[in-house]
Amino acid sequence: AEAAAQPVLGASPGPAAAGGRRRGLNGCVPLSHQVAGHMYGKDKGGILQHPDGTVLKQLQPPPRGPREQEFYNKVYDSDCCDSVLLELREYLPKYFGVWSPPTAPNDTYLKLEDVTRKFKKPCIMDVKIGQKSYDPYASAEKIQQQVSKYPLMEEIGFLVLGMRVYHVSSDSYETQNQHYGRSLTKETVKDGISKFFHSGYCLRKDVIAASIQKVEKILEWFEGQKQLNFYASSLLFVYEGSCQPPTMRLGDVTLAEKGGVPKGLLSGGDVLEYNNNIHVINSTENGKIEASVGKGLSKFYALHKKAYSKRHHSQLSLKVENLEQDNMWKSSTCIAQEHLNGNVIPQLEKVFCHMPADIKESANVEVRMIDFAHVFPSNTKDEGYIYGLKNLITVLQNILDN
């Protein structure tokens, strides 16, 4: 996928080999963040990273390569005034024309935006969309080949081609290739995709909610156009996996009492002190708070799992820093077990991990359409792609709700 990002698996080339490759490609190197598609050095084609930060996708042999180039040229034509195509640009990587290395002028690459560049620890998933992964002009042999790869494509409407997930707990990436996606059934696809949104500590519901919103925008575009049909094309999902402390509004947390402690937050048997875990930075008139969840979340979560295991009804104090003029948050305040109905861990996950849907705008998420070697003119809606998008949204919504 042209904007994907994943460390190259397998042995790294030695310094001499890598240096020679850089010189031969005018400073370009194999993309180190790729989860699917042709890999440079392993396949005939591949993806490179240009020194200017763009990515280079080698043009495939005819007719696929020229067809994809024609698609980008049409959508990004400076004279384009077609509202359908102009809106489509919002859902694609930016296109900067073609590029060829000085040493191999006959090798042509599409020069594209690297969607992952702004992320510190990008988590990436490539999902092929549609009921058919072959185009209307495919031979019987090609059709059989594609159907045999994933017979459930027509029923499910999408296929996970690969993913890469950063786990905060181990400071490492978990990767899955195309074989993982092909192993998913109608019964297991929900759990299979939810793995992409799990940080190692908790499910990133903020990311799921933001992803749904972006996929729905793409669906709206498809519902309103009858110009193009897409086959074997993908959606690229990217989000920030690092534990940078985002400011978020805990819209469903209210002040339980005049003491100012968020209702239903804590219970257990230990004392938790303010330690960059939850920092109250503002209090609003409606009794809602804004908080910053930081790197201490791991200790916070572990502490309360320990407290939960004791299964008693003692109290847990949370010391919070008072930033209001009346200093009403200055003292430590206790919350009794009944605020949680004895259900500590799920409540902690709800507040600190399973972020509410109303903060989805804060999640740093990209969803882009990629891979256009099989795009054809049409005068009807792309029902196969629409079917896949709707099913994918349903799966994501089920993960979010459950």
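If you stretched the chain out fully between LYS217 and LYS149, how much longer would it get, using 0.36 nm times the residue separation minus the C-alpha to C-alpha distance?
Values: separation 68, 0.36 × 68 = 24.48 nm, distance 2.94 nm.
Length difference between fully extended and current span is 21.5 nm.
Taking the Cα centre of segment 56-162 as origin and charging only Cβ (+1 Lys, Arg; -1 Asp, Glu), how large is the dipole, in debye to the nearest 20? Please list the in-between numbers first.
Numbers: 15 positive and 15 negative charges, 103 e Å.
Here the size comes out at about 500 debye.
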Handout entry: Placed amide H near LEU92: partners under 5 Å, 5+ positions off or other chain
Key = MET369
Exercise for the section: Take the Cα of ASN398, step 7 Å along the line toward its Cβ, and report every residue of segment 157-199 whose backbone nitrogen sits under 14 Å from that point. Expected result: 157-158, 184-195
Handout entry: Rg/Rh ratio calculated on Cα atoms of segment 106-160 (Kirkwood radius)
Key = 1.13
Problem - Per-residue ³J(HN,Hα) for segment 217-227, Karplus 6.51 cos²θ - 1.76 cosθ + 1.60, θ = phi - 60°, Hz, x for Gly and Pro - result: 5, 5, 4, 4, 4, 5, 5, x, 10, 10, 9
Exercise for the section: For segment 81-98, take each phi angle, set θ = phi - 60°, evaluate the Karplus expression 6.51 cos²θ - 1.76 cosθ + 1.60, and give the result in whole Hz per residue in order, putting x for glycine and proline. Expected result: 10, 7, 4, 5, 6, 5, 5, 4, 3, 4, 9, 10, x, 5, 10, 10, x, 10
Exercise for the section: Would you please name the trypsin sites (Lys or Arg not before Pro) within segment 148-193 that are DSSP coil residues with at most 14 other C-beta atoms within 10 Å of their C-beta? Expected result: LYS186
Handout entry: Share of Cα-Cα pairs in segment 88-181 lying beyond 22 Å, as whole percent
Key = 56
Completion exercise
Counting only protein heavy atoms with a 1.4 Å probe and every protein chain in place, the carbon and sulfur fraction of the accessible surface of segment 127-243 in whole percent equals 47
Handout entry: Per-bin percent of Cα-Cα distances, segment 134-229 [10 Å]
Key = 13, 32, 36, 16, 3
Exercise for the section: Based on the mean of other Cβ atoms within 10 Å per residue, sort peptides 384-394, 94-104 so the most packed one is first. Expected result: 384-394, 94-104
Fill in the blank from the handout: Among VAL165, TRP99, GLN131, the residue whose Cα sits farthest towards the positive end of the charge dipole of segment 92-168 (+1 at Cβ of Lys and Arg, -1 at Cβ of Asp and Glu, taken about the Cα centre) is VAL165
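The values are calculated or read from the model by the stated rules, or taken from the named source; none is laboratory data. The shown structure was predicted, so the numbers you read here are calculated from the model rather than taken from an experiment. Note that we place each Cβ from the backbone using ideal geometry, even for glycine, and neighbour counts take in every protein chain shown. Note: areas computed on protein heavy atoms with side chains; ligands, DNA, RNA excluded. Shrake-Rupley method; radii C 1.70, N 1.55, O 1.52, S 1.80 Å.
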